Amino acid sequence: MTTENRIEALRQEVRAWLESNVPTGWREAMTNVEQDAFVAAQRDWFVKLSTAGYATPHWPQGWLGGGRSLAEQKVIFEEVARADAPRLILYFVALYHAACTLFECGTDQQREKYLDGILQGKIWCQGFSEPNAGSDLASLRTKAERRGDRYVINGQKIWSTMAQYADYCLLLVRTDNSGPPQAGLTYLLLDMKTKGVSVRPISQITGDDEFAEIFFDDVEVAVEDRVGEEGAGWAVAQATLASERGLTLVELTQRMRYALPMLVQSMRQNGCEHDPVVHRDLGKLIANVDAACALADQYLMKRIMGDEQVGDASIVKLFYAKTLREFAALGVRIGGLQAQYYSGFMRGATQETGHWTLDFMNSYNWSIAGGSNEVQRNIISERMLGMPREPKSWQLAEGKA
Amino acid sequence: MSFELKELQDSTRRVIDAAGIAADESELWSQLTELGWLMVTVPESLGGLEAGVQGACTMHCELGRGLARAPYLPAMLALDAICGSEQSERDTWLEQVFAGGLITTCLAECSLHVSDSRLDGSATGVQSADSAQHVLLWTDSNDLVVLVDLRKPGVAITAKPTWDLTRRLFDVELDQVPLSEHHIVAEGESARVMIQRLAALRDFYLAADAIGGAQTMLEMTIEHLQTRVQFKRPLALFQALKHRCADMKASIVAAEAMLFDALRRLEGDLDNPQFGIKARGVKMFATTMFTQVAEDCLQLHGGIGMADEHPCHLFLKRALLSEQLSGSGAAYASNLALDLIENSGNLQSGKCA
């Protein structure tokens, strides 16, 4: 069989499997439910998907479902989007960030200790951002002090998705203050049940509490749970962040395209189906969505060919985030007063639920998290267009905090 | 991009860079006919390069980078129609083109009808009609594509000077022009398919041209910001300006991705009606993007951007015209929306691949 035929055969196989396995009515079932029900539904879907081998196509050969090429992984993501399957939000950090970090930078003992757990449904969260270290991640201050064969951690993390349900945390801490900020960071794996760890969910503007703060009060982590050398945390964190390799944006842009008919449905419900002004706005959005899909697709093709250049990923993310905002904003306009009536929220859904005001609020997830639009613009202008970096000479005026 | 396309891109860029921005029309025309560039989509069996629509768009992108003045865009459309013709005169017309003769076509509206074997009507946006022997036109009923001899009685051409200084447009009026059988390119169903295809190609070529123009404009602007010093620092250091450049870069790359993605998916299937709607989306996105980029880049140049001696205005004016040629952004946006509405029955059936 040629590669092309193999890919097409995989597409048909995944499509058929999804048709009989995607839980029906999951969107309705996940609207205004308690978080426990959401977690249970995610777990059920994860077990189904991972048993079929479709949750871990990016893992190496020898693991369940592993050893798939990037082109094959792309097919799986495209089909998941096409089938409107629930997104595995709760397991994303485990399957991608944790697993890929362990494959790339972990020790054999660490892989043995943690990877089976991931396949059995252990949930991981990410402990990178801090209240004073967002865009400037390298300035983080959560401190780890070496005492014998352990690190003792004090500090606080924030914006950790689903940390309240997590079994483990990928933790980036400061072990040294003497050199440049990136050089003093160390990467640890933390059991969330360790004494001294407390989690506080953050109530969000959507009414959901998907994110949480994590507090560390003399929390002890064994040295064998360090990934990479002490002081090499920044490089390990780059491996974590690069792990999903553009697949998420292929899935999300495709989902956005499949969601366009929702806008038409809203137009019909609100009687503006024949409004020429709405037609123009919708037409422009359709083209933008098409461009976003093409960008994500082209980016992944470049990765498959090994042609990726610095800044490429930033362009895809920036363009997607802007288009997503436009999508939701048009929904809000079409929805009119109806969209202003509180409709509750849908958990673990995609970015487009047809609850337009909710979707609008949620669209900030993509323009702020994972490197804000502003950070992406810095990367594009400085590293791609060769424009100079900000001078570092700025100082607080005297007497100011 | 494949190796062949890369080669085509490199060789086109060398010539256009050497010619400079908005170089002389007739010099560039003879250069590009000598180099065989018009033959980019022509099959090898007819003496062409057979590089497909992707090849043509790669070339239009490069020509757009230099705001090329020559009427290669209508010439390539006319040539595409001729190659697709099943008429016995085809090879005679091809020889005329091989010899450097220009057959132009309409880049805006064509309204023509036949009665008693005579043609009446008009076409707007006919590029460089004064230096062409023939113009390729089609009837309102979409069942006839013809070559009209511009020097024959009953044919009047009127120059319509545009703000865009890089393209010369004409109106063509036909008054009781005898329809000669020798000049029919396609009839009936094959004419209908040909007209659709030409409209789609016109949109893709204008889109590619816009992408090239926007690329040069942004490069020029960044160079300006790097060298222009105010407040004792290069303007390129100001984040407010850097972010605008980043947004422009993202839109340009998006337009390019959109164009070539559509072509990759549809290249072998040019008569598919989806080709037309895709082409409209790409054309709208790319030409609107070009206008936005040109508008902002002129602003970023400051005072010099308003001076006639600086090329900034040439880009802006070409962008504004391209946005209106073929079909306006507003009209195309409505087309896209109506297509979606038509194809969104209920939500489930809307989920098509």
With Cα springs under 10 Å, the Gaussian network model of chain A assigns the largest mean-square fluctuation among A:Leu385, A:Leu64, A:Leu260 to A:Leu385
Once the in-chain neighbours fewer than 8 apart are removed, the lysines whose Cα is under 18 Å from B:Lys160 read B:Lys317
In degrees, nearest 10, the alpha-carbon axis of helix B:273-301 is tilted away from the dominant principal axis of the alpha carbons of chain B by 40 degrees
Per the charge dipole of chain B (beta-carbon charges, Lys/Arg positive, Asp/Glu negative, Cα centre), the residue among B:Leu8, B:Ala207, B:Ala255 reaching farthest to the positive end is B:Ala255
In chain A, helical segments from DSSP H whose Cα atoms cover 30 Å or more along their own axis and that average at least 0.0 on the Kyte-Doolittle scale are A:276-305, A:312-335
Low-density loop GluC sites (Glu not before Pro), segment B:1-78, at most 16 other Cβ within 10 Å, DSSP non-H/G/I/E/B, are B:Glu50
Full extension between A:Ala222 and A:Thr107 adds, at 0.36 nm per residue less the Cα distance, a length in nm of 40.0 nm
Note on segment B:1-89: C-alpha Rg/Rh, Kirkwood Rh, two decimals, gives 0.98
Checking segment B:207-307 for chymotrypsin sites (Phe, Trp or Tyr not before Pro) in a loop per DSSP with at most 11 other beta-carbon atoms within 10 Å yields B:Phe231
Taking a crude spin-label model, label points 7 Å out from Cα along the C-beta direction, the B:Lys152 to B:Glu34 distance in nm is 3.4 nm
If every Lys and Arg gets +1 and every Asp and Glu gets -1 at its Cβ, then about the Cα centre the protein assembly as shown yields a dipole, in debye to the nearest 20, of 2260 debye
What the 5 Å binned alpha carbon P(r) of segment A:218-263 shows, as percent of pairs per bin from 0, is 5, 15, 14, 13, 11, 10, 9, 8, 7, 5, 2
Using alpha carbon positions and the Kirkwood radius, the Rg to Rh ratio of segment B:152-237 is 1.26
Within segment A:188-228, the residues whose backbone N lies under 11 Å from a label point placed 7 Å from the Cα of A:Asn154 along the Cα-to-Cβ direction are A:217-219
Of the convex hull enclosing the alpha-carbon atoms of chain A, the direction-averaged projected area in nm² is 22.8 nm²
Rounded to the nearest 5, the percent of DSSP beta bridges in chain A running antiparallel is 85 percent
Percent of all alpha-carbon pairs of segment A:246-384 at distances over 23 Å, whole number, is 36 percent
Between B:Gln96 and B:Glu219, Cβ-based FRET efficiency (R0 30 Å, step 0.05) works out to 0.20
Sites removed, the longest contiguous part of chain B containing no DSSP-loop trypsin sites (Lys or Arg not before Pro) with at most 10 other Cβ within 10 Å is B:1-150
For chain A the mean separation of alpha carbon contacts under 8 Å (6+ apart) over residue count, i.e. relative contact order in percent, is 15 percent
One finds, for B:Gln9 and B:Ala159 with R0 = 41 angstrom and r their Cβ-Cβ distance, a FRET efficiency to the nearest 0.05 of 0.75
Note on segment B:111-172: contact order normalised by length, alpha-carbon pairs under 8 Å, 6 or more apart, percent, works out to 34 percent
Of the candidates A:Ala41, A:Gly53, A:Ala71, the farthest towards the positive dipole end of segment A:3-87 (Lys/Arg Cβ +1, Asp/Glu Cβ -1, centred on the Cα centre) is A:Ala71
Cβ-Cβ cut-off under 14 Å around A:Ala41, Lys and Arg +1, Asp and Glu -1: the net charge is +1
Longest chain A segment clear of chymotrypsin sites (Phe, Trp or Tyr not before Pro) sitting in DSSP loops (not H, G, I, E or B) with at most 16 other Cβ atoms within 10 Å runs A:1-340
If one compares the long axis through the Cα atoms of helix B:25-34 with the longest principal axis of the Cα atoms of chain B, the angle in degrees, nearest 10, works out at 70 degrees
Taking only C-alpha positions in chain B, Rg and Dmax in angstrom work out to 20.9, 75
For B:Leu46 and A:Gln182, extending 7 Å from Cα along the Cα-Cβ vector and measuring point to point gives, in nm, a value of 5.5 nm
If one builds a Gaussian network model of chain B from Cα atoms under 10 Å apart, the most fluctuating residue listed among B:Gly303, B:Gly48, B:Gly100 is B:Gly303
On the formula 1/(1 + (r/R0)^6), with r taken between the Cβ atoms of A:Ile89 and A:Glu34 and R0 of 25 Å, the FRET efficiency rounded to 0.05 is 0.95
Rounded to the nearest whole number, the Stokes-Einstein translational diffusion coefficient of segment B:205-323 at 4 °C and 1.567 mPa s (Kirkwood radius, C-alpha pairs) in µm²/s is 86 µm²/s
Here the equivalent ellipsoid of segment A:124-236, derived from its Cα gyration tensor, has semi-axes (largest first, whole Å) of 23, 16, 11
Measuring from the longest principal axis of the C-alpha atoms of chain B, the long axis of helix B:188-227 (C-alpha) lies at a number of degrees, nearest 10, equal to 20 degrees
The orientation-averaged projected area of the Cα convex hull of the protein assembly as shown, in nm², is 36.8 nm²
Ranked by GNM mean-square fluctuation in chain B (Cα springs under 10 Å), the top entry among B:Gly84, B:Gly66, B:Gly212 is B:Gly84
Expressed in nanometres to one decimal, the distance between label points 7 Å along Cα→Cβ at B:Arg264 and A:Ala16 is 2.8 nm
Segment A:3-87, convex hull of Cα, quarter of hull surface, nm² -> 5.7 nm²
For chain B, averaging the sequence separation of alpha carbon pairs under 8 Å that lie six or more residues apart and dividing by its residue count, the contact order in percent is 16 percent
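Computed from the coordinates by the stated procedures, all read-outs in this text should not be read as laboratory data. Computed from a predicted structure; not experimentally measured. Because the Cβ atoms are built from the backbone with ideal geometry, glycine has one as well, and the counts that use them run over all protein chains shown.
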